[in-house]
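Student: I have a structure here, written as structure tokens, and I will follow up with some questions on it.
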Amino acid sequence: MNISRVALALASIGIAGGFHVDALGYPSRAASMPLIYSVVVALLGVAMLVQEVIGARRRRIASTPSSDTPGTASAESDSDAGGQRWKALLVLVLAAIYVNSIMWLGYVLATVVFMLIALAIVRHVALRFSLIGISVLVAMVCLVFIGFLGLPVPILPPVLAAF
């Protein structure tokens with residue numbers, strides 16, 4: 001059983017539960033989206049947990065002796081995993097910088113810069129699809145949180161917002 005996936009599933013369920021309880025104190029109009037998101041995140045966490053338990057059970061039933069010889073294949077997968085861990089750590093640090101920079105860069109500029117850098121680090125998505133995804137994400141978040149919920153999110157940097 002992959003303990004990190006189990007821990008992630010349990011953490012997502014716990015965080016979603018915390019957000020759900022916190023959103024119950026919001027006004028009814030502002031609480032609907034956070035409540036929906038918290039339920040969806042909790043359900044995804046439960047699905048991940050169930051998937052991991054079923055997968056571990058299947059692996060245990062179908063366990064056969066491995067014919068892999070130690071050496072090149074495992075060394076390559078170890079180096080790939082190490083590179084992926086550094087990428088994940090770098091994106092995590094970048095996310096912390098992103099959260100802190102929203103107040104002085106504004107939501108739109110901070111999000112576009114963060115997403116471009118993060119997607120460039122990961123390199124799994126073509127630039128064209130990255131730009132489309134970033135545009136849709138920014139538009140939807142602005143529509144939901146600013147348009148529908150009326151939350152005071154700084155859209156532009158304070159210098160540009162003054163004009």
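Student: Quote the charge dipole size of the range 1-63 about the Cα centre in Debye, to the nearest 20; the model charges only the Cβ of Lys and Arg (+1) and of Asp and Glu (-1).
Tutor: Dipole magnitude for the range 1-63 comes out near 360 debye.
Student: Rounded to the nearest 500, what is the chain's calculated 222 nm mean residue ellipticity when only DSSP H runs of at least 4 contribute -39500 (n - 2.57) each, over all residues?
Tutor: -26500 deg cm²/dmol
Student: Here's something else I'd like to know. Out of the total accessible area of the chain (probe 1.4 Å, heavy atoms of protein only), what percent is carbon and sulfur?
Tutor: Roughly 73 percent, rounded to a whole number.
Student: Obtain the nm distance between the two label points defined at residue 99 and residue 127 by a simple spin-label model: each point lies 7 Å from its Cα along the Cα-to-C-beta direction.
Tutor: Here the modelled spin labels are 3.1 nm apart.
Student: How much length is gained on full extension from residue 26 to residue 136, taking 0.36 nm per residue of separation minus their Cα-Cα distance?
Tutor: Computed gain between residue 26 and residue 136 is 36.9 nm.
Student: Right, something else. First check a/c for the chain, with a ≥ b ≥ c the square roots of the eigenvalues of its C-alpha gyration tensor; if it is under 1.5, answer rounded, and if not, answer prolate when a/b is larger than b/c or oblate otherwise.
Tutor: It comes out oblate by the Cα gyration axes.
Student: While we're on this one: Can you give the FRET efficiency for residue 60 and residue 39, using 1/(1 + (r/R0)^6), R0 = 30 Å, r = Cβ-Cβ distance, to the nearest 0.05? Kindly include the intermediate steps, with their values, before the conclusion.
Tutor: Working: r = 32 Å, r/R0 = 1.06.
Once the sixth-power term is evaluated, E becomes 0.40.
Student: R0 = 25 Å: FRET efficiency of residue 11 with residue 90, Cβ-based, nearest 0.05?
Tutor: The formula returns an efficiency of 0.75 here.
Student: Could you give the dipole magnitude of the chain about its Cα centre, charging the beta-carbon of Lys and Arg +1 and that of Asp and Glu -1, in debye to the nearest 20?
Tutor: With only Lys, Arg, Asp and Glu charged at Cβ, the dipole is about 260 debye.
Student: Please name which of 98, 20, 156 has its Cα lying farthest along the dipole of the chain towards the positive end, using unit charges on Cβ (Lys, Arg +1; Asp, Glu -1) and the Cα centre as origin.
Tutor: 20
Student: So, one more: Ignoring solvent entirely, what values of log10 I(q)/I(0) come out of the Debye formula for the range 1-63 at 0.19, 0.26 Å⁻¹ when each Cα is a single scatterer?
Tutor: -0.68, -0.95
Student: Hey, another quick one. Could you go through the range 142-159 in sequence order and give the Karplus-derived ³J(HN,Hα) for each residue, using 6.51 cos²θ - 1.76 cosθ + 1.60 with θ = phi - 60°, rounded to whole Hz, and x for Gly and Pro?
Tutor: 4, 5, 6, 7, 9, x, 7, 8, x, 6, x, 9, x, 6, 10, x, x, 5
The values are calculated or read from the model by the stated rules, or taken from the named source; none is laboratory data. These numbers come from a predicted model, not from an experiment. All Cβ positions, glycine included, derive from the backbone under ideal geometry; neighbour counts span all protein chains shown. The area values use the complete protein model at the heavy-atom level, side chains included, leaving out ligands, DNA and RNA. Shrake-Rupley method; radii C 1.70, N 1.55, O 1.52, S 1.80 Å.
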